[in-house]
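Undergrad: Here it is: the structure, laid out below.
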Amino acid sequence: GSFGDEAINTIVQEMENHREDVVVIFAGYTDRMEEFIEKNPGLRSRISWYVPFPDYTAEELTDIAEHYAEKKGLAVSRSAEEKLLSVFKDARRQHDFGNGRYVRNLMEKAKMNLASRLVAADPETVTKRMLTTIEAEDIETPPRKAVVTERKIGFWA
């Protein structure tokens, strides 16, 4: 909209007026960044470098999920790790896949599902391990959406 166009014009003006003192970083998915760059004819000529970032692999996403759980004082069972890997393999092909954001959202849901599972359990049977371990059943398998063949993070022309 007009506010966005005005913001881009202001950024371009500041980039030109203070080019020795200012660093501007634009980040986003390639297709969205291309639309952004096209909004102002002077923007493309003022961008010196384009740095592409590949999406994380399913294995890297699983490592991120385990690290996230660890920071929250939780562990991920072997079966949950296998399910995460499977979910991430599918998710990477989805059009709206969000890398780290996707992991965080999935793990937040898993924590809630763990809590719900424990509330329903017989209190006499709950162990410390049960309280601190995300199991495969806690991880939701998101519905499948449109699949993309290739998607990259970053921007390059």
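The values are calculated or read from the model by the stated rules, or taken from the named source; none is laboratory data. All values reported here derive from a predicted model rather than from experimental measurement. Glycine also receives a Cβ, built like all others from the backbone with ideal geometry; neighbour counts cover every protein chain displayed. With ligands, DNA and RNA removed, areas are computed over all heavy atoms of the protein, side chains included. Shrake-Rupley method; radii C 1.70, N 1.55, O 1.52, S 1.80 Å.
Undergrad: Taking volume of the Cα convex hull per residue in Å³ as the quantity of interest, determine which of (1) 172; (2) 141; (3) 156 was computed from the displayed structure.
TA: (3)
Undergrad: Between I11 and H95, take the C-beta separation as r, use R0 = 25 Å, and let me know the FRET efficiency to the nearest 0.05. Could the numbers behind the result be given before it?
TA: Values: r = 28 Å, r/R0 = 1.12.
Taking R0 as 25 Å, the efficiency between I11 and H95 is 0.35.
Undergrad: Now, a different point. Averaged per residue, what accessible area in Å² does the chain show with a 1.4 Å probe, protein chains only? Walk me through the numbers before you get to the answer.
TA: Working: 10610 Å² over 157 residues.
On a per-residue basis, the chain sits at 68 Å².
Undergrad: Quantify, in whole percent, the carbon and sulfur part of the accessible surface of the chain (1.4 Å probe; protein heavy atoms only).
TA: With neighbouring chains kept in place, the figure for the chain is 54 percent.
Undergrad: While we're here: Could you pull out the chymotrypsin sites (Phe, Trp or Tyr not before Pro) across the range 1-83 that fall in loop regions by DSSP (anything but H, G, I, E, B) with no more than 10 other Cβ atoms inside 10 Å? Write out the running numbers ahead of the final one.
TA: Details: sites: F3, F26, Y29, F36, W49, Y50, Y56, Y68; in loops: F26, W49, Y50, Y56.
In loop regions of the range 1-83 (DSSP not H, G, I, E or B), the sparsely surrounded chymotrypsin sites (Phe, Trp or Tyr not before Pro) are W49.
Undergrad: Here's a follow-up. Hey, can you grab everything whose amide H is under 5 Å from the amide H of Q94? Only 5+ residues off in sequence or another chain; H modelled, so Pro and N-termini drop out.
TA: V148
Undergrad: Right, next: For V22 and E140 in the same chain, what is the full-extension length gain: residue separation times 0.36 nm, less their Cα-Cα distance, in nm?
TA: Values: separation 118, 0.36 × 118 = 42.48 nm, distance 4.41 nm.
My answer for the length gained is 38.1 nm.
Undergrad: Right, next: For Cα pairs less than 8 Å apart in space and 6+ apart in sequence, what is the mean separation divided by the residue count of the chain, i.e. the relative contact order in percent?
TA: 35
Undergrad: In addition: Using Cα atoms only, what is the angle between the long axis of helix 2-17 and the major principal axis of the chain, expressed in degrees (0 to 90) to the nearest 10?
TA: Its long axis makes an angle of about 60 degrees.
Undergrad: Could you run the Karplus curve 6.51 cos²θ - 1.76 cosθ + 1.60 with θ = phi - 60° over the range 58-65 and give me ³J(HN,Hα) per residue in whole Hz, x for Gly and Pro?
TA: For the range 58-65, the Karplus-derived couplings read 4, 5, 5, 5, 5, 4, 4, 4 Hz, x marking Gly and Pro.
Undergrad: Search the structure for amide H atoms under 5 Å from the amide H of V76, placed 1.01 Å from N in the peptide plane, and list their residues when 5 or more places away or on another chain.
TA: Sorted by chain and number, the residues that satisfy this are I134.
Undergrad: Determine ³J(HN,Hα), in whole Hz, for all residues of the range 72-80 in sequence, where each value follows from phi through the Karplus function 6.51 cos²θ - 1.76 cosθ + 1.60 and θ = phi - 60°; x replaces Gly and Pro.
TA: 8, x, 10, 10, 10, 5, 4, 5, 5
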